[in-house]
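Please read the structure below before turning to the comments.
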Amino acid sequence: MTDDTKSSNAMWGGRFAAGPDAIMEAINASISFDKRLYAQDIRGSRAHAAMLAATGILSNKDAEAIGEGLLTVLSEIEAGDFPFSTALEDIHMNVEARLKEIIGEPAGRLHTARSRNDQVATDFRLWVRDQADAAIESLTALMKVLVAQAEKGAGWVMPGFTHLQTAQPVTFGHHMMAYVEMFARDRSRFADARKRMNECPLGAAALAGTGFAIDRHMTAEALGFDRPAANSLDAVSDRDFALEFLSASAICAVHLSRMAEELVIWSSAQFRFVSMSDKWSTGSSIMPQKRNPDAAELIRAKIGRVLGAAVALFTVMKGLPLAYSKDMQEDKEQVFDAADTLMLALAAMTGMIADLTVNTEKLEAAAANGFSTATDLADWLVREAGLPFRDAHHVTGTLVALAEKKGCDLPDLSLTEMQTVHPALNQSVYAVLGVHNSVASRQSYGGTAPDQVRAQVARWKGLLG
């Protein structure tokens, strides 16, 4: 080793004892993470080989050997017997090298009329499509347990909040159905993105297409795509499908985080609206009374990973000219991590909601506090006394101030006390000051009335199957 080499190695650090060559191999290789694409890579290669044979570019004998050899590689990987090599850079070269060891010379014909550029674009698109399907399935499962809780709680009264302050009474079922609507939009976003990503890049080759008379419609159909991508430059350089998946994942993760936050609040000693089963709670190492909602807190925290993944990939893609650039190797780790994180969070939330125990007495007691029926009183003044709403609002505010001064709630004021504020108030006003009457009156479509909640439950049960 020369002094110059020693100096170079010292500069690069002890981690790379072999110098710049080792550095290049480390930064260039993607096999440590893109090996997750092995099933999609083998599936795409088998479809490509079958198409090459059908178009006469490859002999049937070679195509059959390739197809069988790839199945052998697949079984080795799934059994954990496959020796992945960083020297071979990526999953594509690892699979092809092993295929050559198994079947010999025909393996070299597999790469005819394709490039690693269209190959990886196809593999990654297939993987993201699978993840979109998994997200849709997981969201459906979550929505079903939310609907089940909503059906049980269609008549359970609880406080509705704005600014985390008591606003108006609602039903627990109505609150659960709000999340059904939110997660339904998430599900539709994944489904919509899936439709848009369902075009096949295979056959675009490096960037310009190929001079071989291939049948791109055949490979697209074999891989379950709606059609081949219509522009070869776009086909190899597009990562919109990954960006859309991350965007949908980030919005979904925000919804999960919001619900997790409510579970943390609701299960606290100050609220005790709900309790989570031991499956989703932990104790304290020092405080024996503690029951910590760790699963909910971790879901709330994991939004950062999903949002970070989206920002990272947007940043990678923002400055890239057409067509393929090596920067795109940085597209996968973020998507892999975001998908793993989202699926775990969805599964945990589904389990927590399914096991949730609701304290209906605490809910109802809290619903009656904080002057939650003040709006009902104002509405009564409009409806029964003919006051303009702004005047009714002022009268109600005066009554709230009177109740606050007396240290009681609105229903505890005597009729005489109420009439000192406005003479039109009469005994019938007490009917609207009860929380059950309040929620029952909210019969507008999408309102919190138990009948409306049950109608929405029935609708969603029909949609979800």
Single residue of the stretch 113-146 satisfying the filter (farther than 21 Å from L233 by Cβ and either polar (S, T, N, Q) or free of Cβ contacts under 8 Å to residues at least 40 places away in the same chain (or both)) that is most open to solvent (accessible area, probe 1.4 Å): E137
Matching entry among Q168, Q149 (being touching a residue at least 40 places away in the same chain (Cβ under 8 Å) and either in a strand (DSSP E or B) or open to solvent by 60 Å² or more (accessible area, probe 1.4 Å) (or both)): Q168
Of all residues in the stretch 63-103 being polar (S, T, N, Q) and assigned to a helix (DSSP H, G or I), the one that is least open to solvent (accessible area, probe 1.4 Å): N94
Top-ranked residue of the stretch 431-460 - restricted to ones that are part of a helix (DSSP H, G or I) and hydroxyl-bearing (S, T, Y), ranked as least open to solvent (accessible area, probe 1.4 Å): S438
Every pair of residues 6+ apart whose Cβ atoms lie under 6 Å, when the first sits in the stretch 18-43 and is over 23 Å from L202 (Cα atoms) and open to solvent by 20 Å² or more (accessible area, probe 1.4 Å) while the second is modelled with pLDDT under 85 and not hydroxyl-bearing (S, T, Y): A22/F16; I23/W12; I23/F16
Meets criteria (crowded, with 18+ Cβ neighbours inside 10 Å and closer than 16 Å to H111 by Cβ) for G211: no
The one condition in (1) of a type outside the set (A, V, I, L, M); (2) part of a loop (DSSP other than H, G, I, E, B); (3) at pLDDT 90 or above; (4) open to solvent by less than 80 Å² (accessible area, probe 1.4 Å) that C408 fails to fulfil: (3)
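Restricting to the stretch 186-199, name every residue that is surrounded by 15 or more Cβ atoms within 10 Å (Cβ to Cβ) and assigned to a helix (DSSP H, G or I). Can you show your working first?
From the stretch 186-199, those surrounded by 15 or more Cβ atoms within 10 Å (Cβ to Cβ) are 186-187, 189-191, 193-194, 197-199; that's our starting set.
Of everything in the stretch 186-199, those that are surrounded by 15 or more Cβ atoms within 10 Å (Cβ to Cβ) and assigned to a helix (DSSP H, G or I) turn out to be D186, R187, R189, F190, A191, A193, R194, M197.
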Of all residues making up the stretch 333-382, the number that are of a type in the set (D, E) and surrounded by 16 or more Cβ atoms within 10 Å (Cβ to Cβ): 5
Matching residues in the stretch 413-446 - criterion: being in contact (Cβ under 8 Å) with a residue 24 or more places away in the chain and among the small types (G, A, S): A424, S428, G434, S438, S441
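The values are calculated or read from the model by the stated rules, or taken from the named source; none is laboratory data. Not measured: the values here are computed from a predicted model. All Cβ positions, glycine included, derive from the backbone under ideal geometry; neighbour counts span all protein chains shown. Surface accessibility is based on the protein's heavy atoms, side chains included, excluding ligands, DNA and RNA. Shrake-Rupley method; radii C 1.70, N 1.55, O 1.52, S 1.80 Å.
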